[in-house]
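Each remark here refers to the structure printed beneath this line.
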Amino acid sequence: MAIMKATLDLLAEKGLRNLTIEGISERAGVGKATIYKWWPSKAFVALDAFLDRMQDSIPTDDTGSAQHDFLHQLRGAIAFYETSLGRIFRHFIAECQDDEAFLKTYQERFLEPRRAAVRLIWSRGVGRGEIDPRFDCELVIDMIYAPLVYRLLTGHLPFTSENASQVTEAIFGGIRPSVGVAEGIH
């Protein structure tokens, strides 16, 4: 669709802050009313264009190891966020800070499907006895992905494949069931 392509092209050129409905309209060769018929603001158009271009499926390969599955998924996220499309992610986080309606849409359409995918990895790990089920799944997921997001947002250092290995190793060192827990001893 011309609107999606125009939006992505303009995002790459100008970023979300400088994107306008007028610019999208002109680049796509459609009237502004057409855009406003489907989207309340430029951020919503941008999010749809972003999601339209992203891979539909989120990798949740089962390697037989939850730690390796999380590592594989985290490395896939690193690779994506290094692309020109992935760099747009930061713009959406910024927009979420000032627009509650956009935040809700972002959470529903972008964040929740990704969290659901990694919850599947978590469930398999718990089922195989690799993860102590007493830990809060949501908190551990945050712990795995927060370093990547933090470094993306602050730009102070890159988040590398080696960093992903270190993070998953450290976290799994703490969430594996201990012998006493497995035997019911606390």
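The values are calculated or read from the model by the stated rules, or taken from the named source; none is laboratory data. Keep in mind the model is a prediction, meaning the values are calculated, not measured. All Cβ positions, glycine included, derive from the backbone under ideal geometry; neighbour counts span all protein chains shown. Side chains included, ligands, DNA and RNA excluded: accessible areas come from the protein's heavy atoms. Shrake-Rupley method; radii C 1.70, N 1.55, O 1.52, S 1.80 Å.
Of all residues in the stretch 124-146, how many are part of a loop (DSSP other than H, G, I, E, B) and open to solvent by 60 Å² or more (accessible area, probe 1.4 Å)?
So the count comes out to 5.
Test ASP52 against the stated conditions and say whether it is of a type in the set (Asp, Glu) and not in a loop (DSSP other than H, G, I, E, B).
yes
Determine if the stretch 102-113 includes at least one residue that is within 15 Å of the chain's Cα centre (by Cα) and either farther than 25 Å from ARG17 by Cα or in the same structural domain as LEU8 (by the TED database) (or both).
yes
Please give the number of the condition ARG87 fails out of (1) open to solvent by less than 30 Å² (accessible area, probe 1.4 Å); (2) in contact with a Phe, Trp or Tyr (Cβ under 8 Å, 6 or more places away or on another chain).
(1)
Could we say that THR105 is over 26 Å from ASP9 (Cα atoms), at pLDDT 95 or above and part of a helix (DSSP H, G or I) here?
no
Quick one: how many residues across the stretch 150-181 are within 15 Å of GLU82 (Cα to Cα) and open to solvent by less than 50 Å² (accessible area, probe 1.4 Å)?
4
Looking only at the stretch 74-101, filter to residues that are among the small types (Gly, Ala, Ser) and within 10 Å of the chain's Cα centre (by Cα); which one of those is farthest from LEU8 (Cα to Cα)?
Residue satisfying both the conditions and the ranking: ALA77.
Working only within the stretch 25-43, note down all residues that are in a helix (DSSP H, G or I) and either of a type in the set (Ser, Thr, Tyr) or loosely packed, with under 13 Cβ neighbours inside 10 Å (or both).
SER25, ALA33, THR34, TYR36, LYS37, TRP38
Taking LEU152 and the conditions (1) touching a Phe, Trp or Tyr at 6+ places or on another chain (Cβ under 7 Å); (2) within 15 Å of PHE70 (Cβ to Cβ), which numbered condition does it fall short on, given that it satisfies the others?
Here LEU152 clears every test but (2).
Which of the residues spanning the stretch 5-24 are under 14 Å from ALA94 (Cβ atoms) and outside any helix (DSSP H, G or I)?
Within the stretch 5-24, LEU19 is the sole residue that qualifies.
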